[in-house]
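Everything below concerns the one structure shown next.
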Amino acid sequence: MTPPLLSPSELTALTRLRYALHAAPEISGAEVATATHLRDFLAPTGPDRVVEGLGGAGLALVFDSGKAGPRVMFRAELDGLPITEQTGLPYASRRAGVAHLCGHDGHMAILAGLGLWLSRNRPARGQVILLFQPAEETGEGARAVLADPRFAQLRPDWAFALHNMPGLALGEVAVAAGGASCASCGLRLRVTGRESHAAHPEAGQSPAPVLEAVLAGLSVYTLPPPMGRDFRLVTLCHLSMGQPAFGIAPGQAEIWLTLRAYDDQRLAAFEAEIMALITRAAQGLTLQVSRHDAFHATINAAAAADQVVAACAALGVARGAFELPMRASEDFGAFSAQTRTALFFLGAGERQPALHRPDYDFPDALIAPAVALYAQIATQILGGVAGPGGVA
Ligand SMILES: [Zn+2]
Ligand SMILES: [Zn+2]
């Protein structure tokens, strides 16, 4: 097949779509208007099935050949971040304190571009599923989509996702079998003693020694080993104790930690080790621990990673060096346990501000090549396309 191409007017439409989504971002779990916008944009492409409200605000479009064959899913994320944008761009966020600073607006435009291509290149067999997934940033969306009974009807045999990556040369692809992103979870520790007058601290029970012991114990984990199966890292994210008053000896403290490890099993073992340390440190005081923002590791199936590698080779896309798995987590990992998945990274440029920074913006130059990669992967797996109307 010839490499898939979008017309200049389609590319303009996709760029405008990105700007519109960028200007009206919605936080995790509240992406209703974003999903509606995409549904309306893609209605003219004639998907065979549309599933709305999937796992919250999720949207799935199915391009079904009506013939037996693999089901290939491609995923983009719907959510922005609760951060104030500082790009000064004409299409900058118009919503105070919310912005697309992870490039999910670009990922949505890419998936919409695949929809435009599919409207002219229907699968000859099997199905292509476009999944616009909610709540990636909190780690809840993929799980909610998987738990939605309607997802069982989609049952993809393959699932692919990309994430743009500042630091990697523009347009280069980093992909490998095995770990693509680390498992992680947040731990919120509440230590409760007893307040007292600052003149009589011995009459109370201060959590300060507990904090001291926890921080001392954690210090060996804050400088991680090199990336690999033994990678583990604790990041101290937040700390508070007592009141901002000179007359009171504290009775309460909170510590927020994020734990990371290579995969889910190693994270569970690491968490048990950290919990033992904390429990030892908290002797005599009341300790409450809650778990937040839990992400599965994303583990790429060799066969799925091979499809990405083959698509790069077919399209002449350069492969870039990038340490894998990335330390950060991606909730696409929740799909890894269910089907053959590959998450790959697409270079956003070496000088691009990092993801989640207030001055970050997605590079438009990635839209066309990313659509071409997705279309190539679909074509490889589905063995060619049927042309308009879906007739083989
Ligand atoms: Zn993000
Ligand atoms: Zn992201």
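Where a number appears in this text, it was derived from the coordinates with a stated rule and is not lab data. These numbers come from a predicted model, not from an experiment. Glycine gets a Cβ as well: all are built from the backbone with ideal geometry, and neighbour counts include every protein chain shown.
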Next on the checklist: Just the number: Rg to Rh for segment 183-295, Cα atoms, Kirkwood Rh, two decimals.
Outcome noted: 1.05
Checklist entry - At THR192 and ALA147, where each label point lies 7 Å from the Cα along Cα→Cβ, what is the point-to-point distance in nanometres? => result 2.7 nm
Next on the checklist: What FRET efficiency comes out for LYS67 versus HIS238 if R0 is 56 angstrom and r is the Cβ-Cβ distance? Round to the nearest 0.05.
Outcome noted: 0.55
Item to check | For segment 183-295, size of Cβ-based charge dipole, Lys and Arg +1, Asp and Glu -1, in debye | outcome: 100 debye
Item to check | Contact order relative to length of segment 288-392, as percent, for alpha carbon pairs under 8 angstrom and 6 or more apart | outcome: 33 percent
Checklist entry - If the convex hull of the alpha-carbon atoms of segment 38-143 is projected onto planes in all directions, what is the mean projected area in square nanometres? => result 7.4 nm²
Checklist entry - Put a dot 7 Å past each Cα toward the Cβ at ALA43 and ALA96; how far apart are the dots in nm? => result 3.3 nm
Next on the checklist: Only four residue types carry charge here, +1 at the Cβ of Lys and Arg and -1 at the Cβ of Asp and Glu. Report the dipole size of the chain about the Cα centre in Debye, rounded to the nearest 20.
Outcome noted: 700 debye
Checklist outcome for this item: Across all Cα atoms of the chain, Rg and the largest Cα-Cα distance (Dmax), in Å, are 23.4, 85
Checklist entry - What residue among ALA203, MET165, ALA183 has its Cα farthest toward the positive end of the dipole of segment 157-237, where the charges are +1 on Lys, Arg and -1 on Asp, Glu, each on the Cβ? => result ALA203
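Which whole-number percent is the relative contact order of segment 183-295 (Cα, under 8 Å, 6+ apart)?
Numbers: 228 pairs, mean separation 49.6, N = 113.
RCO, segment 183-295: 44 percent.
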Next on the checklist: Ranking request for peptides 195-205, 128-138, 319-329: highest mean number of other beta-carbon atoms within 10 Å first, then the rest in descending order.
Outcome noted: 128-138, 319-329, 195-205
Next on the checklist: What are the extents of the Cα atoms of segment 68-125 along their three principal axes, in Å, largest first?
Outcome noted: 48, 20, 13
